[in-house]
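See below for the structure under consideration.
The values are calculated or read from the model by the stated rules, or taken from the named source; none is laboratory data. Worth saying up front: this structure is predicted, and the values here are computed from it rather than measured. Please note: Cβ atoms are built from the backbone with ideal geometry, for glycine as well, and neighbour counts cover all protein chains shown. To get the accessible areas, we keep the full protein, side chains included, count just its heavy atoms, and leave off ligands, DNA and RNA. Shrake-Rupley method; radii C 1.70, N 1.55, O 1.52, S 1.80 Å.
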Amino acid sequence: MITRTARRAAHWGRRMRWYVREFTGESAYDRYVAHARQQHPGRVPDSRDEFERRRMDERDADPRGDFRCC
């Protein structure tokens, strides 16, 4: 039987994982794949590498280039 403390620790562990993935942008690809499958069911989503490359190109092309640290 799982104790209440163990359940609470698991809950907070999941929340921390979610926060870290959102903060680092790791979840962006998962959202992209879900969107692509829902809105474009016959199309194969880009690979993670293609997605990240396109995402970086879009960030570099942004005229507000001063919003990044490097």
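Sites listed here are trypsin sites (Lys or Arg not before Pro) in the range 1-47 whose DSSP assignment is loop and whose Cβ has at most 15 other Cβ atoms within 10 Å: R43. Hydrodynamic estimate: the Kirkwood radius of the chain over Cα pairs, inserted into Stokes-Einstein at 4 °C and 1.567 mPa s, corresponds to D of 86 µm²/s.
Rounded to the nearest 500, the 222 nm mean residue ellipticity of the chain from helices alone is -22500 deg cm²/dmol, with -39,500 (n - 2.57) taken per DSSP H run of at least 4 residues.
In this structure the chain gives 91 Å² per residue of accessible area when probed at 1.4 Å with all protein chains present. Estimated from the Cβ-Cβ distance and a Förster radius of 35 angstrom, the FRET efficiency linking F23 and T3 is about 0.70.
Determine the order of V33, V20, V44 by accessible area, beginning with the largest, at a probe radius of 1.4 Å. Walk me through the intermediate numbers first.
Numbers: V33 20, V20 75, V44 115 Å².
Descending order: V44, V20, V33.
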